Structures are given as structure tokens and as C-alpha cells.
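The values are calculated or read from the model by the stated rules, or taken from the named source; none is laboratory data. Predicted model only: the values in this text are computed from it and were never measured. Cβ coordinates were reconstructed from backbone atoms using ideal geometry, including for glycine residues, and neighbour counts include every protein chain displayed.
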Amino acid sequence: MKDHRVYEVAKQSFEKWNINVDNVLEQMKKVSISIHCWQGDDIGGFEVNQQELSGGIDVTGDYPGKATTPEQLRGDLEKALSLIPGKHRVNLHAIYAETNGEVVERDEIKPEHFRNWVQWAKENELGLDFNPTLFSHPKAEEGLTLSHPNREIRKFWIDHCNASRKISEYFGKELGTPSLTNIWIPDGYKDIPSDRLTPRKRLKESLDEIFKVETEASYNLDAVESKLFGIGSEAFVVGSHEFYMNYSLANNKLCLLDTGHFHPTEKVSDKLSSMLLYHDQLALHVSRPVRWDSDHVVTLDDELREIGLEIIRNKALDRIKLGLDFFDASINRVAAWTIGTRNMLKSLLYAMLLPHEHLKQLQEDGDFTERLALMEEFKTYPFGAIWDHYCSEMGVPIQESWLHEVKQYEDEVTLKRTTV
């Protein structure tokens, strides 16, 4: 009863600004975040001939209890999802295929290798998204895939991407919600290149060849993802932001922005309004870089709040495919999912509880004093009481009480993986 009174008082604070909190909470229930599976197993996957991580990707930490089987990974995801309000999606990589002990090359993966994932998604009312895995493979050891000088290597990865798109199409058809296929490649050079144009020309030709194979748009959505640099590609990345921004616009594909793939002082939040003027849809992978693309767990920092504000104030919630991409092996992995996803949702709820039309008008009128004053005052409005009420209404723990469930799950499930 006390908590409900706190909520009612908080609600009145927002409603005096004509913000309909009930409508906001109904809108929140429709938000669907694509939660990346690879936080749960440190991007290991389940290939029979499992490779060491490569392609500029590194996972640090040795927290015990990571998932080592598909069943464990799905169980851990279920636990995290039970602590996160709303109905969401799960994002898979090709290396999470289940091949029953058979070695299946990546250019030969098929929908049947993801049948268990689809059945699980149906049981849990989840959508699925997909990514071809163009790293951690002998044919990617030189740091080049779709831009490789060797035509046979390029063809292998072209075929892998199209096999992945067919799997995504299968997801969309089976689950009744379009699946996003996101292509990211590690291609680049450690030192200053003598030729930037030729690798980019090859990448363009490879992508053109991939997208010549048609998929059903109501089942599969194609996206391409840029990067500024990586470990081993510090001087030059073939698939830069400018490359993919232009390619996606010219070819009617989604441009995916990863918040860790830019200069340390560059803000993805600032890019969204410009991109939305020219793109019908965008995709986001929300991460938290710390001095480099380190993929820390998402916190409710200034940039995350600005991302939420840009999405909501520009009425773009139905135009931006929201996903997460972080992997921290130094903390409990179920907790990492829970913290990061709840924070992404908090940023959207925070944004929904602001009087955007009034603030916009103040800017148009040149009243920058009131604009700044109100934007600062709303930072300490009782947003937390609204969030707690929303969590309670959705049947998930409020405040930090979810942590008890994670610790109990750790004691009963994940820690036992290291002692048997």
C-alpha cells in the first residue's frame, strides 16, 4: 500500500505536465529489446570444431559458471528474462547452431540447426534475430573476409551470409515476427594501408552478390554494421560508418549503429536525428565503450539517456530496431543481461516521462533559460517510483531485489557447473 501511495504521488508530478503515465506504461509494454545470447557464454558458441576468438574481439574475466551447452544458455536466458519487464527478443550468432556432433561448415548451416532455438522461442513467446559469424574461423585468420583478395574466400563468406539470411527468414516465418540479419565483418589492416579503395570495392561487390539472393521482407530484414577500428585493424576498417551509411541508403538496407564503434568522444545519440531524416528504419546495438570498443555492460549514463530521448522525442520507437551488444566475463552473466536490459528500458521510460512538445516549443521560442531549467529539474523527478510500479505491474522484481534471485540461481545452477 505504501509503495502504491508513492507511485500515485509520483504520477501526479508528471501529470501536472499533461504526461499520461498510464498511457506511457502501456507504451512501455510494447517495447521489445533484442538481447544478445553471447553474453552468456563469452561468445564461445557450440561449433564442434570451436575456434579461439579472433577478429578484434576479446572477452576478459573468468567469472565461474558460464554456459557451455545450448540448454544451459537457454536456461540462463530464461532466468534473466524473468527479471526484465516486457516481452523481448533474443539475438543469435551462427556459431550457436546445434549440429548433433556433426562438423558443419558455416557456408552450409541450415534452419534445421536452429530448430531447438525456434521451439524454445515459441514456448517463451520470443522473437529471434540473427548474425552471420565472420570471425573466429580459419578463413578469417588474415583479418579479411568479404573484402579478401582471394575470390574463393570471399565466396565462402558470401555463401555463409546467405545461409544466415535463410535461417533468419525461417525464424520470421515460424515466429510471426521479422528477424533482423545483421552483417558485421572484422576486415581491416593493423597499419596504414596503401590502398583503401580496392578493399571497399570488393566489399561492395560481395554485398551486392549477397543481396542478389532475395528473401521475404516480411520474414527477414537485412542490416549492415560499421566499425571504426578493432584489435588488429587499428589503422583501417573496410566497413566504415561512411561506407555502410551510403551502402544502406543506396540499397534499401538497415544501417546498424553500434554505440561502441565510433571515436571515444563521438555520440551515437547525436547521429540518430540526421539518420532518421534519410532512412525509414535504423538498427542499434547498444553497448558501453570505455576508452575503446570494450563492450561493457550498459549503465544508465548520460549517453544512454540521450539515446532514449532521441528515440522517444522523435517518435522513432517503431523505426529503430533496438538491440544490445556487451560481454563481460568478470561478473555474473545473468546479472549482466539483467542490468543492461533494465537500463535500456529505463532510458526509454525516462524519455517518455518528459514534456517534449513543451521543451521543443521553448527552443523554438528562444527561451533557453526555461528549457535548461526544466531539463535539469526533470532529472530528479520521481522517475524511480514509476519504474518500480511498472516492474511490479509486469510481475518482475523491483529495485535491487532481483539480485537475490540471481544469487540464488548462481548457488543452485551456475556454480555447480564448475564443480561437477
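Here are a few things to note about the model shown:
- In this structure, D208 qualifies as part of a helix (DSSP H, G or I) and of a type in the set (D, E, K, R).
So that you can scan it fast, the table gives a plain yes or no per residue for (1) under 19 Å from H296 (Cβ atoms); (2) touching a residue at least 24 places away in the same chain (Cβ under 8 Å); (3) in contact with an Asp or Glu (Cβ under 6 Å, 6 or more places away or on another chain); (4) among the hydroxyl-bearing types (S, T, Y):
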residue: S226; (1), (2), (3), (4): no, yes, no, yes
residue: I231; (1), (2), (3), (4): yes, yes, no, no
residue: A235; (1), (2), (3), (4): no, yes, yes, no
residue: G239; (1), (2), (3), (4): no, yes, no, no
residue: E242; (1), (2), (3), (4): no, no, no, no
residue: M245; (1), (2), (3), (4): no, yes, no, no
residue: N251; (1), (2), (3), (4): no, yes, no, no
residue: F262; (1), (2), (3), (4): yes, yes, no, no
residue: T265; (1), (2), (3), (4): yes, no, no, yes
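- Residue that is farthest from D318 (Cα to Cα), among those in the range 1-29 that are of a type in the set (A, V, I, L, M), within 33 Å of the chain's Cα centre (by Cα) and in a helix (DSSP H, G or I): A10
- Verdict on F130 being buried (at least 23 other Cβ atoms within 10 Å of the Cβ), under 23 Å from the mean Cα position of the chain (by Cα) and assigned to a helix (DSSP H, G or I): no
- All positions within the range 265-286 that are at pLDDT 95 or above and of a type in the set (S, T, N, Q): S269, S273, S274, Q281
- The selection criterion, being among the β-branched types (V, I, T) and within 24 Å of G127 (Cβ to Cβ), holds for V334.
- Residue in the range 48-65 that is among the small types (G, A, S), free of Cβ contacts under 8 Å to residues at least 60 places away in the same chain and out of contact with any strand residue (DSSP E or B) (no Cβ under 9 Å at 6 or more places or on another chain) present: no
- Scanning the range 46-87 for residues that are more than 24 Å from F229 (Cβ to Cβ) and either assigned to a loop (DSSP other than H, G, I, E, B) or in contact with a His (Cβ under 9 Å, 6 or more places away or on another chain) (or both) yields a count of 20.
- In the condition set (1) modelled with pLDDT of 95 or more; (2) buried (at least 18 other Cβ atoms within 10 Å of the Cβ); (3) more than 30 Å from A250 (Cβ to Cβ), E364 is compliant with all but (2).
- Counting only helices (runs of 4 or more DSSP H) that sit wholly inside the range 312-420, those with at least 2 residues that are in contact (Cβ under 8 Å) with a residue 40 or more places away in the chain and not aromatic (F, W, Y) are 333-352, 356-364, 383-393, 402-412.
- The residue of the range 152-194 that is farthest from D325 (Cα to Cα), among those that are assigned to a helix (DSSP H, G or I) and among the basic types (K, R), is K155.
- Selection status of E98, more than 22 Å from F211 (Cβ to Cβ) and either in the same structural domain as H389 (by TED's automatic domain parsing) or more than 22 Å from the chain's Cα centre (by Cα) (or both): yes
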